[in-house]
Amino acid sequence: MSNKSKIEICANSVESAVKAQQAGAYRVELCAGIPEGGTTPSFGEIRMARQLLSQTKLHVIIRPRGGDFLYSPIEQEIMLHDIKVARQLGADGVVFGCLTAEGNVDVPLMKKLMNAVGEMSVTFHRAFDMCNNPKEALEQIISLGIHRILTSGQEATAEQGIPLLKELTEQADGRIIIMPGCGVNAGNIRKIAEQTGTSEFHFSGRSTVESGMIYRNAKISMGGTVKIEEYLKEVTDPDKVKAALSELALKDENDKVLEKKNKSLNSKKAKKNDEWDDDEDDNV
């Protein structure tokens with residue numbers, strides 16, 4: 001495992017993406033429709049993010065709607081167009097995942113989408129957590145040439161999913177990155193890292209910000225029957241990102257110390273073995 005851990009921020013806006021960059025995030029996953037689990041952002045959103053992110057990599061989720069990951073022929077075409085737009089706008093990567101009705105990876109559709117990706121990096125998103133056989137799905141995803149899997153270990157949170165995350169990381173054996181996500185924060189990121197052996201992590205790190213609106217009509221909700229807080233918004237909080245990075249830095253430093261100690265012990269052991277070999281030669 002790399003001694004340098006990385007954080008990907010799930011950015012719900014260009015504003016969040018910029019704040020993630022300010023905090024030192026390695027990468028952002030730009031999404032719209034966060035209450036639905038993330039949907040494809042607009043052309044303008046992607047373009048502005050690309051213009052403003054100079055140090056942080058930009059990945060774009062390709063998901064035409066909320067809900068399940070079984071896509072109709074029309075939705076598949078939409079995804080192809082969105083991948084091409086992301087590529088044309090200079091995204092570093094795209095994030096998508098497709099399943100069959102039986103809960104397997106839709107390999108033919110994934111291959112079709114992968115053919116449109118070009119040189120961009122690809123993450124198979126949390127559709128993985130809806131697969132009926134995660135270990136079989138892992139091998140299929142590796143065979144597709146995908147770079148990483150975002151997963152909570154098929155549990156409600158990544159912390160609860162630590163056992164499967166560890167198993168997947170061991171099974172992957174460096175062939176693909178297993179990236180824990182969902183419920184990751186500064187309070188548990190180090191635990192997840194140490195117990196799973198993973199080095200990339202996905203979380204939002206958002207805080208609530210009050211709207212600047214003075215006049216407010218409390219009788220109307222733009223969400224209709226779904227209650228939406230129109231006068232509050234969630235924005236990535238640089239302090240939360242920095243706190244998580246600090247926890248990972250401590251973990252990485254401990255890894256370096258342990259690695260150095262193990263090298264020293266192995267060196268001493270090898271030297272001792274050489275001395276024993278010399279003694280045996282003298283007795284011949």
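Quick notes on this structure:
- Any hit, the stretch 27-36, residues being assigned to a helix (DSSP H, G or I), of a type in the set (D, E, K, R) and at pLDDT below 95: yes
- Residue match in the stretch 70-91 (condition: within 19 Å of the chain's Cα centre (by Cα), of a type in the set (Phe, Trp, Tyr) and either within 28 Å of Arg50 (Cα to Cα) or modelled with pLDDT of 95 or more (or both)): no
- Among the candidates Glu210, Glu194, residue that is in contact with a Lys or Arg (Cβ under 9 Å, 6 or more places away or on another chain) and exposed (fewer than 11 other Cβ atoms within 10 Å of the Cβ): Glu210
- Residue check for Asp82: within 16 Å of Arg63 (Cα to Cα), of a type in the set (Asp, Glu) and touching a strand residue (DSSP E or B) at 6+ places or on another chain (Cβ under 7 Å): no
- Candidates Asp173, Asp279: the one that is charged (D, E, K, R) and modelled with pLDDT under 95 is Asp279.
- Scanning the stretch 14-26 for residues that are buried (at least 21 other Cβ atoms within 10 Å of the Cβ) and assigned to a loop (DSSP other than H, G, I, E, B) turns up just one, Ala25.
- Among the residues of the stretch 5-31, those identified as free of Cβ contacts under 8 Å to residues at least 60 places away in the same chain and out of contact with any strand residue (DSSP E or B) (no Cβ under 6 Å at 6 or more places or on another chain) are Val14, Val18, Gln21.
- Any hit, the stretch 221-232, residues being part of a strand (DSSP E or B), modelled with pLDDT under 95 and either surrounded by 15 or more Cβ atoms within 10 Å (Cβ to Cβ) or not aromatic (Phe, Trp, Tyr) (or both): yes
- In the stretch 52-64 there is at least one residue that is polar (S, T, N, Q), within 19 Å of the chain's Cα centre (by Cα), surrounded by fewer than 22 Cβ atoms within 10 Å (Cβ to Cβ) and in a loop (DSSP other than H, G, I, E, B).
- Test: Val184 is under 17 Å from the mean Cα position of the chain (by Cα) and not hydroxyl-bearing (Ser, Thr, Tyr): yes
- Qualifying residue in the stretch 37-52 (condition: among the small types (Gly, Ala, Ser) and closer than 27 Å to Cys131 by Cβ): yes
- Scanning the stretch 198-207 turns up no residue that is polar (S, T, N, Q), surrounded by fewer than 11 Cβ atoms within 10 Å (Cβ to Cβ) and either modelled with pLDDT of 95 or more or over 21 Å from Glu36 (Cα atoms) (or both).
The values are calculated or read from the model by the stated rules, or taken from the named source; none is laboratory data. Just so we're clear, the structure is a prediction, and the values are computed from it rather than from any experiment. Heads up, the Cβs are rebuilt from the backbone with ideal geometry, glycines too, and the neighbour counts pull from every protein chain shown.
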